[in-house]
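The values are calculated or read from the model by the stated rules, or taken from the named source; none is laboratory data. In this text the structure is predicted, and so the values were computed from the model without any measurement. Here the Cβ positions follow ideal geometry from the backbone for every residue, glycine too, while neighbour counts run over all protein chains shown. For the accessible areas, the whole protein counts, side chains as well, though only heavy atoms, and no ligand, DNA or RNA atoms are used. Shrake-Rupley method; radii C 1.70, N 1.55, O 1.52, S 1.80 Å.
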Amino acid sequence: MRLRTWGYYLREAWKGIRVNGLMSLASASTVAISLLVLALTLILAVNLQHMTDVLESQVQIVAYLQPDFDRQWKDELIAKARAIPHVERVAFVTKEEGLARLREQLGSDAELLAAADEVGNPLPDALDVWVDDPSHIPGVVQALRSIESVDAVDYKQDVVQRLTTLSDGVRTLGLALVAMLSAATLFIISNTIRLTVFARRREVAIMKLVGATNGFIRWPFLLEGAILGLAGALAAAAAAWFGYEWFVQRVTQGLPFVPIIRAQPFLARLSEVLLLLGMLLGAAGSALSLRRFLRV
Amino acid sequence: MAGTITLIGVSKVYPSRRPALVDVNVHIDKGEFVFLTGSSGAGKTTFMRLLYCEERATEGQIIVNGRDLNRIRPRHIPYLRRQIGVVFQDYRLLPERTIWENVAFPLVVTEWSRREIERRVPAVLELVGLRDHAQSLPRELSGGEQQRAALARAIALNPSILLADEPTGNLDPANANAIMDLMEEINRMGTTVVVATHAETIVNRMRRRVVHLHAGRVVSDEDPGRYRHEA
Ligand SMILES: Nc1ncnc2c1ncn2[C@@H]1O[C@H](COP(=O)(O)OP(=O)(O)OP(=O)(O)O)[C@@H](O)[C@H]1O
Ligand SMILES: [Mg+2]
């Protein structure tokens, strides 16, 4: 295809956009809204996933030892625990440390532990165990249980599980929303292009009669759709870009311990995806209307 | 092959109508000049539409430029049409474009280079006598001039066949004769010309082959200049 022909296509496409004015604006806006929702969904989903990963890496197993455990075997026990595959770190927690930790966790409800002061510390000594990947937790738990001085093994997966459910929910809901909005976008773009086709029907008819190929006739309309899609995508990408940068700044300043994805290169990739999708949506919407209105 | 038209047993029935063409057998050779006559509704426009694939024959075989139109692939139709110039009964000029742009239109949409276009358009406008109107809009021209513009557009791609549907319909005799002279000139350059008309004075004056249609049938096919053609 010659460069000059592309120049012609672009000029014709631009003409169509100008002639349609408000409809073009409406089309680009729906693209922008759909893609912005998609961007929000992605931002949320990716961050939830990130949080889950971070928390998963923090999951620990607590192995409570027999009440009569003799601390002279402490090092040997730690070595045994460390030898279990996938165990990353092991820490010995004395029953005194355990009680202190519990007090701290309970805070104002610490008087519940008043009995402990009278009767004596009810907690046994324990091992805190970190695992390289949460999928290995069951295996490690199993192995810990088989160590004879271990009485009971406790592990926490609640938060992770809840986060996983949440991020699944966000993903499903977000994608459903995006699918709906995309359908609406296709609809309005195809209607916009149909207006252009209608405004040019006389010209198109004559083009056909003097021997223009269908490809030649279609390209300006496809480009018109793609440009509308791209314009909407640019707006969505810009909003997502500046919005997220601002958000990251606020979070890192205000809540530094909350793990979120850094702005770059995430935003660069996100923008690429948005622009590509916008163009595809636009061209597809246009193709949809051409299929019906440009019969030979 | 280029410039020849053959219809064998062609019929055309529009949905829920009586047939517009019935068992038409006509052969037109390269370089011929043929009138297609008949009263309103006889089937002249339908005859022409079949030749450039705006309509498909219900029955029979049509061969144009060596191509069997029953078997032509949709994507080849544009290339067939580039070989057939058509002057429509209602001109069909683009009202928002200048005469130059209208005449250049077939060249633009078939991807001629700018240089080729700038050489071809003035030559064609010169031929039809519209050089001074290149920058006018169609509505600024008289009926005869618009007809010339339509003719210029039809021959811009230098087709091997020129189809003209009532090219003198709304013109006074002087203008009508001028248009017909142009047609003859184009024909002299080797283009096959088919003119649909019911203007008898012109047909009689020109003494050319006449295919006469009545209610969709060819009722006579005579060539005063040569031997009688087979119907
Ligand atoms: N698109 C169409 N749909 C249905 N019927 C049609 C169509 N075009 C033409 N006809 C019918 O076919 C018959 C032939 O029409 P056609 O236009 O070929 O006649 P014509 O000889 O060109 O007439 P005129 O001299 O008035 O232009 C007429 O009865 C007409 O009503
Ligand atoms: Mg007619």
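Here are some notes:
- The protein assembly as shown - charge dipole about Cα centre, Lys and Arg +1 at Cβ, Asp and Glu -1, debye rounded to 20: 3760
- Among A:171, A:250, A:101: highest mean-square fluctuation, GNM of chain A, C-alpha pairs under 10 Å: A:101
- Interchain or long-range residues, amide H under 5 Å from residue B:214's placed H: B:219
- Tail beyond 37 Å, pair distance distribution of the protein assembly as shown (Cα, percent): 56
- Eligible lysines near residue A:74 by straight Cα distance, threshold 27 Å, same-chain separation 8 or greater: A:95, A:156
- Take every Cα pair under 8 Å whose residues are at least 6 apart in sequence, average their separation, divide by the length of the stretch B:93-158, and the relative contact order is 51 percent.
- DSSP bridge analysis restricted to the protein assembly as shown gives an antiparallel fraction near 65%, rounded to the nearest 5.
- Computed FRET value (nearest 0.05) for residue A:118 with residue A:94, which takes r as the C-beta separation and R₀ as 22 Å: 0.65
- Here, the stretch B:93-158 is characterised by an Rg to Rh ratio of 0.93, where Rg is the alpha-carbon radius of gyration and Rh the Kirkwood radius.
- Rounded tilt (10° steps) of A:22-58 against the dominant C-alpha axis of chain A: 20
- Scalar couplings 3J(HN,Hα) for the stretch B:152-163, obtained by applying the Karplus form with A = 6.51, B = -1.76, C = 1.60 to θ = phi - 60°, are 4, 5, 5, 9, 4, 7, 6, x, 8, 10, 10, 10 Hz; x denotes Gly and Pro.
- In the protein assembly as shown, helical runs assigned H by DSSP with n ≥ 4 each contribute -39500 (n - 2.57); averaged across all residues and rounded to the nearest 500, the mean residue ellipticity at 222 nm is -18000 deg cm²/dmol.
- Taking both sides together, the accessible area buried where A meets B is about 1800 Å² for a 1.4 Å probe.
- Summing Cβ point charges (Lys, Arg +1; Asp, Glu -1) relative to the Cα centre of chain B gives a dipole of roughly 640 debye.
- Note on chain A: GNM, Cα springs under 10 Å; of A:194, A:11, A:103, the largest mean-square fluctuation is that of A:103.
- Karplus-derived HN-Hα couplings along the stretch B:120-130 (A = 6.51, B = -1.76, C = 1.60, θ = phi - 60°), whole Hz, x at Gly and Pro: 6, 4, x, 4, 6, 4, 4, 4, 8, x, 10
- In a reduced charge model with +1 at each Lys and Arg Cβ and -1 at each Asp and Glu Cβ, chain A shows a dipole moment near 3860 debye about its Cα centre.
- Size of chain A as Cα extents on the principal axes (Å, biggest first): 100, 39, 28
- Whole-number percent relative contact order across chain B, with pairs defined as alpha carbons under 8 Å at least 6 apart: 28
- Residue B:139/residue A:191 FRET efficiency (R0 25 Å; Cβ-Cβ; nearest 0.05): 0.20
- With all pairs of separate Cα atoms included, chain B yields a Kirkwood hydrodynamic radius of 18.0 Å.
- Straight-line cross-link reach from residue B:30 at under 27 Å between alpha-carbon atoms covers these lysines, not counting any fewer than eight positions away in the same chain: A:208, B:12, B:44.
- Inter-label distance, nm, simple model (7 Å from Cα along the C-beta direction), residue A:247/residue A:101: 3.4
- Applying 0.36 nm per residue to the separation of residue B:207 and residue B:1 and subtracting their alpha-carbon distance, the gain on full extension is 71.6 nm.
- A dipole drawn for chain A from +1 and -1 charges on Cβ atoms has a positive end, and of A:144, A:259, A:211 the residue lying farthest that way is A:211.
- 3J(HN,Hα) along the stretch A:192-200, derived from phi through the Karplus expression 6.51 cos²θ - 1.76 cosθ + 1.60 where θ = phi - 60°, amounts to 5, 5, 4, 4, 4, 4, 5, 4, 9 Hz, with x in place of Gly and Pro.
- Accessible surface for chain A, divided over its residues, is 56 Å² per residue with a 1.4 Å probe.
- Across peptide A:210-221, the mean count of Cβ atoms from other chains lying within 10 Å of each residue's own Cβ comes to 5.
- Distance between the modelled labels on residue A:148 and residue A:71, one decimal in nanometres: 2.3 nm (7 Å Cα→Cβ projection).
- Here the accessible area is traced with a 1.4 Å probe on the protein chains. For chain B, carbon and sulfur cover 46 percent of it.
- A straight chain from residue B:184 to residue B:219 at 0.36 nm per residue would run longer than the Cα-Cα distance by 10.1 nm.
- Of A:78, A:61, A:188, the one that fluctuates the most in a GNM where chain A has Cα springs shorter than 10 Å: A:78
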